[in-house]
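The values are calculated or read from the model by the stated rules, or taken from the named source; none is laboratory data. Everything quoted here is computed from the prediction, not taken from an experiment. Cβ placement follows ideal geometry from the backbone for every residue including glycine, while neighbour counts extend to all protein chains displayed. Just so you know, the surface numbers come from the protein's heavy atoms only, side chains and all, with ligands and any DNA or RNA stripped out. Shrake-Rupley method; radii C 1.70, N 1.55, O 1.52, S 1.80 Å.
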Amino acid sequence: MKLIAGGEMFEISREGSFIAHLQGHGIAFIHSLGATIKRDLRQGEWVVDNGHLVVWSAGYKVERVGGGMFSSMHSGDGIAAAQLGSVYGEQIGVGKLEIVRVVDIAEKDAFGEAVKEVTHIIHVASPTIVSSTDVANQLLKPAIQSTIGILEEASKTPSVKVVVLTGSFGAVCDLSRGWRPGYEYTADDWNPMRFEQAAAPDLDLSRFLPQWQPLVPYCASKGLAERAAWDFMSSRSPPFTLSVIAPIYIAGPAILPLTRGADSLTYPNGLIWKAATQKTLPALDFPYWVDVRDVAEAHVRALVRPEAHGKRWIMSAEEPSYSEIADIVRRNFPSLNPSTEQQNVPRFTVDATPVLSALGLGTYRSIEQTIVETVKQVQAAEGVLAGK
């Protein structure tokens, strides 16, 4: 297996993990081409990760042969390799896992060396920038260019058979329609926003729900990038197949240590923790959840199952509100005292069942299992920080 690494420090763009080694104190903004995160750093050293797909425990063993570790990394990347080595050290040591650094995945020919002799590709990287001052150049173009870039390189690599993209429900839903009670989104639905609309400096966000407004350009970027991918497949007819996995909120236990306790959490896991511990619930935004281990398994199965090829697959296990998440926490963690606020909003539904039979997943993990295991992990990490 070959992991494509990019970013100013170290990003596993094929698997989605970015780890930075920072020293000192102050405010750090980490742009990993998967997320932009603000961290308030205290005195000392911290390991900060953006918590995308690879950092959760997916339960897979790396068995695809590679050529050892390709090392052209900055001096600060040693901590990243060490973190990954703690999980995949055996595979790296025997040459089953190769790490290749790509400086900028949005650059032309960025993946040229990386995809040589590769047969199957999972591409998960896409910029997430909230409240961008230049939506076109900071968000839309990089999302489209990085997606087309990997497809271009794959089309020039005869060994490539399958490409799987990590999409998003943001590419499916029409946020301008609000909660749409009684409507069911399916894989046939598309975010209708066009490039010119999303990039317009005077884009009127008042027609969107307040909690969705900061995410409107991001959702547009996911829709535009995916449309560009399918247009590429239609116009170029490359010798490989394309599939898209479109999850909504991904949550679940992390495979890398939560070195900063709750501050290390991904955005969705952080919402679960807030619902579990804060007096006020987060505003109801996208109450549709899926366990990261199911998402990871779907990606792997989409690589090898012909039934998945040429299609997009929505993933969502259950649709709990934050008040229902708080109820799950209250039931399983008597020491916690989450809010008793109720969130009862009539809303759209999502057809996320086709992926289960097509990819042979059977059933989704329950959201209760996801929440319980996530909260337990955070509690353990917080206990370590507190010296308990």
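To keep it simple, each residue is scored yes or no on (1) assigned to a loop (DSSP other than H, G, I, E, B); (2) under 21 Å from the mean Cα position of the chain (by Cα); (3) closer than 22 Å to Asn337 by Cα; (4) charged (D, E, K, R).
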site	(1), (2), (3), (4)
Pro239	yes, no, no, no
Ala246	no, yes, no, no
Asn269	no, yes, yes, no
Ala276	no, no, yes, no
Pro287	yes, yes, yes, no
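Looking only at residues that are of a type in the set (Ser, Thr, Tyr) and under 16 Å from Asp291 (Cα atoms) in the range 342-388, which one is most open to solvent (accessible area, probe 1.4 Å)?
Checking each candidate, the answer is Thr363.
Identify, from the list Pro253, Pro257, the residue that is open to solvent by less than 20 Å² (accessible area, probe 1.4 Å), on the phi < 0 side of the Ramachandran plot and not hydrophobic (A, V, I, L, M, F, W, C).
Pro253
List the number of the failed condition for Gly270; all other conditions in (1) in contact (Cβ under 8 Å) with a residue 12 or more places away in the chain; (2) open to solvent by less than 20 Å² (accessible area, probe 1.4 Å) hold.
Failed condition: (1).
How many residues are among the charged types (D, E, K, R), in contact with an Asp or Glu (Cβ under 6 Å, 6 or more places away or on another chain) and in a loop (DSSP other than H, G, I, E, B) if we restrict to the range 171-218?
Selection size over the range 171-218: 0.
Just the residues that are over 30 Å from Val118 (Cβ atoms) and either surrounded by fewer than 16 Cβ atoms within 10 Å (Cβ to Cβ) or without any contact (Cβ under 8 Å) to a residue 40 or more places away in the chain (or both), please, taken from the range 210-244.
Listed by number, the residues that qualify are Pro210, Gln211, Gln213, Pro214.
Tally up the residues in the range 131-164 that are of a type in the set (A, V, I, L, M, F, W, C) and either part of a loop (DSSP other than H, G, I, E, B) or open to solvent by 10 Å² or more (accessible area, probe 1.4 Å) (or both), please.
Number satisfying all stated conditions: 5.
If you take the residues in the range 304-341 that are of a type in the set (Asp, Glu) and more than 24 Å from the chain's Cα centre (by Cα), which one is most open to solvent (accessible area, probe 1.4 Å)?
Glu341
Check the range 358-366 and report whether any residue there is over 20 Å from Pro287 (Cβ atoms), within 23 Å of the chain's Cα centre (by Cα) and assigned to a helix (DSSP H, G or I).
Yes; the residues of the range 358-366 include at least one that is over 20 Å from Pro287 (Cβ atoms), within 23 Å of the chain's Cα centre (by Cα) and assigned to a helix (DSSP H, G or I).
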